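Colleague: One structure, as structure tokens, below. Some questions next.
The values are calculated or read from the model by the stated rules, or taken from the named source; none is laboratory data. Computed from a predicted model, the values in this text were never measured in an experiment. Here Cβ is always computed from backbone atoms with ideal geometry, including for glycine, and neighbour counts include all displayed protein chains.
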Amino acid sequence: MNVTRRRFLGFAAGTVAGTAAGVPASWTLSDWMAAIDPGVRPPTGPEDAVLSVCKLCPGGCGLRVRRIGGRPVKVDGNLLHPVSGGRLCPKGQAALQSLFHPDRLSSPLRRVGPVGSLDSFEPRPWEEALAEISERLRLLHQVGRPESLAILRGNQRGVADRVARRFLDAFGSPTDVVVDRGEQAATLALYLTQGVRAAPAYDVRSTDYVLSFGSSLLEAWSSPVHMMRAYGEFRQGRPGRRGKLVQIEPRLSVTGSSADEWIDVRPGSEGILALGIANVLVSEGLYDRDFVSERCVGFLEPLAGSGGRLSLAELLSRRYGLEEVADRTGVSNNVILRIAREFATARSRLAVGPRKGPLLPGSLFDHLAVQTLNALAGNPDRPGGVLVPEEAPLAGWPELPSDESAAAGRARPRLDSAEGGFELGLSDPERLAELVLRGGFYPIEVAFVMGADPVLTSMTPERFAQAIEKIPLVVSFATVPTDTALYGDWILPETHFLERWDLETGPPGVPFPLVSLSQPVWGKASPGTRSAPDVLIELAAEVGGSVASAFPWPDVPSMIRAEVAGLFAARRGALMGSEFDEAWVRMMEGAGWWAPGYRTAEELWSGMRESGGWWDPFYDHGDWRRVLLTDSGRFEFRTDLLQQLGDDRRPPYALAAAGSEGEPLGARPLLALVLFEPLPVAGGVGAELPFLQELLEPGLEESWSTWVEIHPETAARIGIRDHDRVRLTSDQGSIEAKARVTARIVEGAVAVPVGLGRKGGGRWASGCGANPLRLLVAARETVSGLPAPEATRVRVAVVGRDGHGEGRA
Amino acid sequence: MARWGMVIDLDRCTACQACVVACQVENNVPPTGADQAELGRSISWLRLAPHGEAEHGTRPQMHLMPVPCMHCDNPPCTKVCPVQATQIGEEGLVGQIYARCIGCRYCTTACPYTVREFNWKQPDFPEPMEQGLSPDVSIRPKGVVEKCTFCHHRLQVARDRAQLEDRPLAEGDYVPACVESCPAAAMTFGDLEDPNSEVSRLKQSQRAFQLLEELGTEPKVTYLSKGEWGGQV
Amino acid sequence: MPRCAGAPIMPDERIEKGQAPTGPSTGEPAGVVASAAIGFLVFLLLTTGLLTVGSGGSSSRPVDQPVEFNHRLHVEDVGLECNECHEFAESESFSGLPTAETCAFCHEEAQGNSPEEAKLVALLSGGQPLEWGRLYRQPAHVYYAHSQHVSVAGLECERCHAGLAASSRPPRRVRKLTMDDCIDCHEDGDAESDCTTCHR
């Protein structure tokens, strides 16, 4: 008998359990098999693919959507797309979960009860929604107060953004607020030193040594897939050349876990370390003398006209000496010297500024310090250095019809324009909320919110919720209700990005101009939904007059085709293509030829539909007339700003170290608060998708909730154990979370992820975790006016102890 | 006869977890909620395993490595299956035959890599999530064990396609979803029997090692350890 | 090398949610190498009442069709090839049921006096899609490609769809293809029988 005991047990267990469960005795095997069949049978059909672009973050990855029988079944990167190159991040991979989300809206919702709950909303027909909104707009227009309209939006650089701006211009309002702050600090630093209004692009692919100052380089970066592809090549893609990554940050992040070395600094002292390293470069003569003498000003003499009293060399030697920097950062002399020398002697080296995520741009001081270090290393505009992106040459839109009332409205100051800030047009959503609440230059009476969720993601979530409630009419566009939408008046169900046409310019962090085409994955949008640009155009028609005539196209596809005609007229670049095509175009353009692969605008259009878009891979390094636009025409060392910002800086490192020995730390808010954005929920997008909730923190195996990381020494002093339930309290507010005791965070600080703690977001996000942005005190960096989350301190107290106590595992 | 294997370069890997989601979407894994996750019952055929966080007082380090099914040449799981629901095929793929599985979970215990998952619940795809499911992979019922298949349904299609076009299977015709999605190109897949394949070449690297190779499981997933600055690529 | 064997009858009908009983799945016969084990299993199944009927080739529910399609008329009298209506049989995994456009190619207007054709013409003029009831089913966990069997192996459609081309009206019942149907042929034809060749 060839029956093992195991085999016998296996069958016996199955059959006994079956009879015990009360299965009818007359069942056939076939019935039994049918009963356990999950009953889900996806239909089959012909296979094809549609090219689109991901909008779950600003990264701009080209997508290839695989369809079976006309149904999308998988999303992958578009192989020909220069950003994604056939690859995707976990967010992009989860795109279908957002397309087929069970909580997608299918009808406009009008609020009829108290704010903050979806239960307060009732479905109403589109006609009613559009009638009420257009009536209000017409009224504003008639009484000559068009500036009382505001738009709060994300930054996807697509049709929705361009239509929103156009709508405001035509209507007559200056208040176009981009809620996404991700690139603001880096943009400001590049502007102040090089005079160019753009976010820098770091050429990691071509460098040998990267000093990352607290950047989320391999997580929620500006264009994550583009950067991760570059990083793969930097590490193992170049025979004989393997790059080294050094990560400088108070919390060992996922980027830090991939790095060759983690240098733990005190929270908020990254910029000080950058200047300390700069000082070593100068004092040891390891800086790029040619670049500094030919292309920089302010090195040996203070920058003329800036009001600065010290030259860079003086500032560094007086304020950023080895001992002092070691003392302030907590990094030893030896490590500073070693890192500085490694950096200086690498064949090609690069310092990356502390952009921590779409919501956490870093401070101007830190970015200026990193820019200064890069200039000393001769990095501006050289291969493997800091590049300056170029805008794509899309055709401009026809001039606005003349309208005196609109022109007067446009000429008014933006309601959110930063007090005493730089006239860069950087948005300041928190200031908008303050002015709405306090009463500013003029009231906001109608606001549209599209592609953004400021009640979740701004640095003052509660003030924002109050402001939204106070504005008489707030209209939110959403696929699944956002937190902001729950405080507004109308929620308009939006088509998913995979369901619409779009034409998007290049994402931040990518140096070459590119234009991606999104095509809908099926013929018609989900029932009851409309796209935000379509609705704005419809509203413009309702308002009538010059607002209506500002949109001369019958629909979005014809608008896009008109813009593509501009690309053709630019007579440069090429269709997206393989690496071979790319090398060919580069070579031809380098030699002064243009070899586009299309002969007419029609061919360009159909080529874009097949390849995913247009780009110009040729980057002309050292084009100083384009990348050094300061008054001096040189890179300017801004010692005036470094000094002022450095003096004003009272970073938490000082306080974190202040608690004297033996004093209980729980009593006063003394711990520094370190915020980070896990890639799956970065920018406040992702928690609504269950696959992404699973991935929050693989290192600590955390998912589906908010946790707070705390160093074992600090935890011991407060009496916190791993997995305790704790409350974090600041001067502003408090949240609860699960404590995780780990040496990944430095002493005297706590680290908390941003992206959870939503009211909206559907069944998987709503009520899951906590939003640490509610803890932030309303501090701002001087000079830049950027929010300063690092100014917040918290205290931690245990509120509950799980019976299992330490270690679930 | 081909022998399919994978190489994962930890020097390229950024621990972004694109592979994890790519796998779930490709293979019709149902969504779970916080409650199931809390019980440790969410299903993931491929996960990032942490290792190396230092003990108290020393400098912490953290490494994350993607762990799919190793498709061992000498698999411990197949030996304990009482009903032959899991078997190693001619091309080295360790298959899982759901219709046969009785859910005894001997295999989940036997697998030293803990990559086998048990279905504690009937899969639930709330309306309209069902519409996004792929017909290439069947939905697993409650009470069976499932695991990474190296996306063998892609092999089924690729092989048929090649035969239909009357040509041999070319390198790159058959690639699992995780490998396809990896942004840093850390994962490579191919025929280990073909000395000219990329996986065979990478396997020769001095950085190559296998997970728990001392157990004699002969895994077909090879890892490349982190490199040194200035070291050989 | 172990290989697939045993021939369970797989389910065809979709089970309504909530009807599924709890408990682990059934055991299925284990493999020819363990014939004694199969005997033992059958014994167990019989004694516990799980296996009362040996096999079931067709479903118990009748199949509704929009039109009583006459295969014989089209194949034998008109001389159409199967792939003229089932257009994907040579190139895809599925053979494809004819769409309204396919039928309209000949039947936009009536060709004869058949009442069924009149029904079809009316349907087509109404612009409705034709929703044919499927007559052959395999379990969802089976990978089967028509292209492989028709184009590569060169099998006749008759081999699996016996008698259909000669029928003047569609069968009332679904023909459920079982593992027996596959394995017999794979053994005869020396085709692959690795589990993962077909299971997915």
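Colleague: Can you work out which of the residues in segment B:193-229 that are exposed (fewer than 13 other Cβ atoms within 10 Å of the Cβ) and within 13 Å of B:ASP11 (Cβ to Cβ) is nearest to the other protein chains (Cβ to nearest Cβ)?
Modeller: Checked segment B:193-229; the qualifying residue nearest to the other protein chains (Cβ to nearest Cβ) is B:GLU228.
Each row is one residue, and each column tells you yes or no for (1) polar (S, T, N, Q); (2) at positive phi.
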{"residue": "A:ARG328", "(1), (2)": "no, no"}
{"residue": "A:ILE336", "(1), (2)": "no, no"}
{"residue": "A:ALA344", "(1), (2)": "no, no"}
{"residue": "A:GLY357", "(1), (2)": "no, yes"}
{"residue": "A:LEU360", "(1), (2)": "no, no"}
{"residue": "A:ASN374", "(1), (2)": "yes, no"}
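Colleague: So how many residues does segment A:700-710 have that are within 14 Å of chain B (Cβ to nearest Cβ) and either assigned to a strand (DSSP E or B) or crowded, with 24+ Cβ neighbours inside 10 Å (or both)? Outline the logic, then answer.
Modeller: Pass one, segment A:700-710, residues within 14 Å of chain B (Cβ to nearest Cβ): A:700-707, A:709-710.
Cutting the leftovers down to either assigned to a strand (DSSP E or B) or crowded, with 24+ Cβ neighbours inside 10 Å (or both) gives us A:702, A:707, A:709-710.
Residues meeting the conditions: 4.
Colleague: Shifting gears a bit: How about segment A:163-181: which of its residues are of a type outside the set (Asp, Glu) and more than 19 Å from the chain's Cα centre (by Cα)?
Modeller: So the first thing to find is which residues in segment A:163-181 are of a type outside the set (Asp, Glu), and the list is A:163-168, A:170-175, A:177-179, A:181.
Matches in segment A:163-181: A:VAL163, A:ALA164, A:ARG165, A:ARG166, A:PHE167, A:LEU168, A:ALA170, A:PHE171, A:GLY172, A:SER173, A:PRO174, A:THR175.
Colleague: Further, regarding this structure: (1) free of Cβ contacts under 8 Å to residues at least 12 places away in the same chain; (2) at the interface with another protein chain (Cβ under 8 Å from one of its Cβ atoms); (3) surrounded by fewer than 21 Cβ atoms within 10 Å (Cβ to Cβ): which one isn't true of B:PRO135, the others all being true?
Modeller: (3)
Colleague: Please report, ordered by residue number, the helices (runs of 4 or more DSSP H) entirely within segment B:128-212 with at least 2 residues that are basic (Lys, Arg), farther than 23 Å from B:GLU117 by Cα and in contact with a Gly (Cβ under 9 Å, 6 or more places away or on another chain). Break it down into steps so the answer makes sense when it comes.
Modeller: Details: elements: B:152-164, B:177-181, B:198-203.
Because the criterion is at least 2 residues that are basic (Lys, Arg), farther than 23 Å from B:GLU117 by Cα and in contact with a Gly (Cβ under 9 Å, 6 or more places away or on another chain), no helices (runs of 4 or more DSSP H) in segment B:128-212 meet it.
Colleague: Among the residues that make up segment A:370-377, is at least one of them free of Cβ contacts under 8 Å to residues at least 60 places away in the same chain and touching a strand residue (DSSP E or B) at 6+ places or on another chain (Cβ under 9 Å)? Can you show your working first?
Modeller: Looking only at segment A:370-377, we keep the residues that are free of Cβ contacts under 8 Å to residues at least 60 places away in the same chain, and these are A:374.
Among the residues that remain, those that are also touching a strand residue (DSSP E or B) at 6+ places or on another chain (Cβ under 9 Å) are: A:374.
Taking every residue of segment A:370-377 in turn, at least one turns out to be free of Cβ contacts under 8 Å to residues at least 60 places away in the same chain and touching a strand residue (DSSP E or B) at 6+ places or on another chain (Cβ under 9 Å).
Colleague: Let me ask something else about it. Taking A:ARG609 and the conditions (1) surrounded by 15 or more Cβ atoms within 10 Å (Cβ to Cβ); (2) touching a residue at least 24 places away in the same chain (Cβ under 8 Å); (3) not polar (S, T, N, Q), which numbered condition does it fall short on, given that it satisfies the others?
Modeller: (1)
Colleague: Follow-up. Is it the case that segment A:237-245 has a residue that's in contact with a Phe, Trp or Tyr (Cβ under 7 Å, 6 or more places away or on another chain), buried (at least 24 other Cβ atoms within 10 Å of the Cβ) and not hydroxyl-bearing (Ser, Thr, Tyr)? It would help to see each step written out before you state the result.
Modeller: To start, the set of residues in segment A:237-245 that are in contact with a Phe, Trp or Tyr (Cβ under 7 Å, 6 or more places away or on another chain) comprises A:242-244.
Within this subset, residues satisfying the condition of being buried (at least 24 other Cβ atoms within 10 Å of the Cβ) are A:243.
The next check asks that each one be not hydroxyl-bearing (Ser, Thr, Tyr); those that pass are A:243.
Among the residues of segment A:237-245, at least one is in contact with a Phe, Trp or Tyr (Cβ under 7 Å, 6 or more places away or on another chain), buried (at least 24 other Cβ atoms within 10 Å of the Cβ) and not hydroxyl-bearing (Ser, Thr, Tyr), which makes the answer yes.
Colleague: For segment A:721-809, give me every one of the strands (runs of 3 or more DSSP E) that falls completely inside it and has 1 or more residues that are crowded, with 24+ Cβ neighbours inside 10 Å and either aromatic (Phe, Trp, Tyr) or within 25 Å of the chain's Cα centre (by Cα) (or both).
Modeller: Numbers: elements: A:725-729, A:734-741, A:749-753, A:793-800.
Answer list for segment A:721-809: A:734-741, A:749-753.
Colleague: State whether one or more residues within segment C:120-132 are closer than 23 Å to C:GLN65 by Cβ, of a type in the set (Phe, Trp, Tyr) and surrounded by 15 or more Cβ atoms within 10 Å (Cβ to Cβ). Walk me through it before giving the result.
Modeller: Residues of segment C:120-132 that are closer than 23 Å to C:GLN65 by Cβ, as a first pass: C:120-132.
Filter once more, keeping what is of a type in the set (Phe, Trp, Tyr): C:132.
Add one more test, that the residue is surrounded by 15 or more Cβ atoms within 10 Å (Cβ to Cβ), and what stays is C:132.
Yes, there is a match, as at least one residue in segment C:120-132 is closer than 23 Å to C:GLN65 by Cβ, of a type in the set (Phe, Trp, Tyr) and surrounded by 15 or more Cβ atoms within 10 Å (Cβ to Cβ).
Colleague: Could you please find all residues in segment A:101-122 being touching a strand residue (DSSP E or B) at 6+ places or on another chain (Cβ under 6 Å) and more than 14 Å from chain B (Cβ to nearest Cβ)?
Modeller: A:SER107, A:PRO108, A:LEU109, A:ARG110, A:ARG111, A:VAL112, A:SER120, A:PHE121, A:GLU122
Colleague: Looking for whichever is within 23 Å of A:MET227 (Cβ to Cβ) and surrounded by fewer than 24 Cβ atoms within 10 Å (Cβ to Cβ) here; the options are A:GLY509, A:GLY528, A:GLY577. Which one fits? Walk me through how you get there before you give the answer.
Modeller: On the way: A:GLY509 fails: surrounded by fewer than 24 Cβ atoms within 10 Å (Cβ to Cβ); A:GLY528 fails: within 23 Å of A:MET227 (Cβ to Cβ).
On inspection, the qualifying residue turns out to be A:GLY577.
Colleague: What is the one condition in (1) assigned to a helix (DSSP H, G or I); (2) over 23 Å from A:GLY506 (Cβ atoms); (3) touching a helix residue (DSSP H, G or I) at 6+ places or on another chain (Cβ under 9 Å); (4) not assigned by TED's automatic domain parsing to the domain that holds A:SER458 that A:ALA433 does not satisfy?
Modeller: Answer for A:ALA433: the failing condition is (4).
Colleague: Determine whether B:VAL175 is within 14 Å of the chain's Cα centre (by Cα) and under 26 Å from B:VAL21 (Cβ atoms). Break it down stepwise before answering.
Modeller: On the way: within 14 Å of the chain's Cα centre (by Cα): yes; under 26 Å from B:VAL21 (Cβ atoms): yes.
Considered against the rule, which asks whether it is within 14 Å of the chain's Cα centre (by Cα) and under 26 Å from B:VAL21 (Cβ atoms), B:VAL175 comes out as yes.
Colleague: I need the full set of residues from segment A:178-208 which are among the charged types (D, E, K, R) and either under 17 Å from A:PRO358 (Cα atoms) or in contact with a His (Cβ under 9 Å, 6 or more places away or on another chain) (or both), in order please. Can you show your working first?
Modeller: Here is the first cut: in segment A:178-208, the residues among the charged types (D, E, K, R) are A:180-181, A:183, A:197, A:203, A:205, A:208.
Selection gives A:ASP180, A:ARG181, A:GLU183.
Colleague: Do you know which of the residues in segment C:87-105 that are part of a helix (DSSP H, G or I) and surrounded by 14 or more Cβ atoms within 10 Å (Cβ to Cβ) is nearest to the other protein chains (Cβ to nearest Cβ)? Don't jump to the end; show me each part of the working.
Modeller: Taking segment C:87-105 first, the residues part of a helix (DSSP H, G or I) are C:100-105.
Narrowing the set further to residues that are surrounded by 14 or more Cβ atoms within 10 Å (Cβ to Cβ) leaves C:100, C:102-104.
Values: C:ALA100: 15, C:THR102: 14, C:CYS103: 18, C:ALA104: 19 Å.
Only one residue fits best here, namely C:THR102.
Colleague: Another question about this same structure. So for segment A:119-135 (the condition being of a type in the set (Ser, Thr, Tyr) and farther than 21 Å from A:TYR487 by Cβ), does at least one residue qualify? Steps first, please.
Modeller: Of segment A:119-135, the ones of a type in the set (Ser, Thr, Tyr) are A:120, A:134.
Remaining after also requiring farther than 21 Å from A:TYR487 by Cβ: A:134.
Checked against the condition, which is being of a type in the set (Ser, Thr, Tyr) and farther than 21 Å from A:TYR487 by Cβ, segment A:119-135 yields at least one hit.
Colleague: Does A:ARG229 fit the bill of being within 8 Å of chain B (Cβ to nearest Cβ) and either without any contact (Cβ under 8 Å) to a residue 40 or more places away in the chain or more than 23 Å from A:CYS54 (Cβ to Cβ) (or both)? Steps first, answer last, please.
Modeller: Details: within 8 Å of chain B (Cβ to nearest Cβ): yes; either without any contact (Cβ under 8 Å) to a residue 40 or more places away in the chain or more than 23 Å from A:CYS54 (Cβ to Cβ) (or both): no.
Answer is no for this residue.
Colleague: For A:LEU575, state whether it is outside the structural domain of A:ASP381 (by TED's automatic domain parsing), within 22 Å of A:ARG153 (Cβ to Cβ) and touching a Ser or Thr at 6+ places or on another chain (Cβ under 6 Å). Please lay out each step first, then the result.
Modeller: Details: outside the structural domain of A:ASP381 (by TED's automatic domain parsing): yes; within 22 Å of A:ARG153 (Cβ to Cβ): no; touching a Ser or Thr at 6+ places or on another chain (Cβ under 6 Å): yes.
It is false that A:LEU575 is outside the structural domain of A:ASP381 (by TED's automatic domain parsing), within 22 Å of A:ARG153 (Cβ to Cβ) and touching a Ser or Thr at 6+ places or on another chain (Cβ under 6 Å).
Colleague: Using beta carbons and a limit of 8 Å, which pairs, at least six apart or on different chains, have the first residue in segment B:62-74 and in a strand (DSSP E or B) and the second one of a type in the set (S, T, N, Q)?
Modeller: From residues that are in a strand (DSSP E or B), the pairs are B:HIS63/A:SER257; B:LEU64/A:SER257.
Colleague: Another one. What number of residues in segment B:165-188 are within 14 Å of chain A (Cβ to nearest Cβ) and not hydroxyl-bearing (Ser, Thr, Tyr)? So that I can check it myself, show each step before the final result.
Modeller: Narrowing segment B:165-188 to residues within 14 Å of chain A (Cβ to nearest Cβ): B:172, B:175-188.
Okay, now just the ones that are also not hydroxyl-bearing (Ser, Thr, Tyr), so B:172, B:175-180, B:182-187.
Adding up the residues that qualify gives 13.
Colleague: Going by the structure shown, is B:PRO141 facing another protein chain (nearest Cβ under 9 Å), touching a residue at least 40 places away in the same chain (Cβ under 8 Å) and either polar (S, T, N, Q) or farther than 26 Å from A:PRO46 by Cα (or both)? So that I can check it myself, show each step before the final result.
Modeller: Values: facing another protein chain (nearest Cβ under 9 Å): yes; touching a residue at least 40 places away in the same chain (Cβ under 8 Å): yes; either polar (S, T, N, Q) or farther than 26 Å from A:PRO46 by Cα (or both): yes.
Against the criterion (facing another protein chain (nearest Cβ under 9 Å), touching a residue at least 40 places away in the same chain (Cβ under 8 Å) and either polar (S, T, N, Q) or farther than 26 Å from A:PRO46 by Cα (or both)), B:PRO141 qualifies.
Colleague: While we're on this one: Scan segment C:187-200 and tell me whether some residue there is in contact (Cβ under 8 Å) with a residue 24 or more places away in the chain, surrounded by fewer than 17 Cβ atoms within 10 Å (Cβ to Cβ) and more than 10 Å from every other protein chain (Cβ to nearest Cβ).
Modeller: Looking through segment C:187-200, at least one residue is in contact (Cβ under 8 Å) with a residue 24 or more places away in the chain, surrounded by fewer than 17 Cβ atoms within 10 Å (Cβ to Cβ) and more than 10 Å from every other protein chain (Cβ to nearest Cβ).
Colleague: Which residues, counting only those in segment B:75-112, are part of a loop (DSSP other than H, G, I, E, B), more than 22 Å from B:ASP191 (Cβ to Cβ) and away from chain A (no Cβ under 11 Å)?
Modeller: Residues satisfying the conditions are B:ILE97, B:CYS111, B:PRO112.
Colleague: Additional query: Does segment A:207-229 hold any residues that are hydrophobic (A, V, I, L, M, F, W, C) and either assigned to a loop (DSSP other than H, G, I, E, B) or surrounded by fewer than 24 Cβ atoms within 10 Å (Cβ to Cβ) (or both), and which are they? I'd like the intermediate steps shown before the answer.
Modeller: Here is the first cut: in segment A:207-229, the ones hydrophobic (A, V, I, L, M, F, W, C) are A:210-211, A:213, A:217-218, A:220-221, A:225, A:227-228.
Within segment A:207-229, A:LEU217, A:LEU218, A:ALA220, A:TRP221 meet the criteria.
Colleague: Still on this structure: Return yes when A:HIS101 is under 21 Å from the mean Cα position of the chain (by Cα) and modelled with pLDDT of 95 or more and no when it is not. Steps first, please.
Modeller: Values: under 21 Å from the mean Cα position of the chain (by Cα): no; modelled with pLDDT of 95 or more: yes.
Considered against the rule, which asks whether it is under 21 Å from the mean Cα position of the chain (by Cα) and modelled with pLDDT of 95 or more, A:HIS101 comes out as no.
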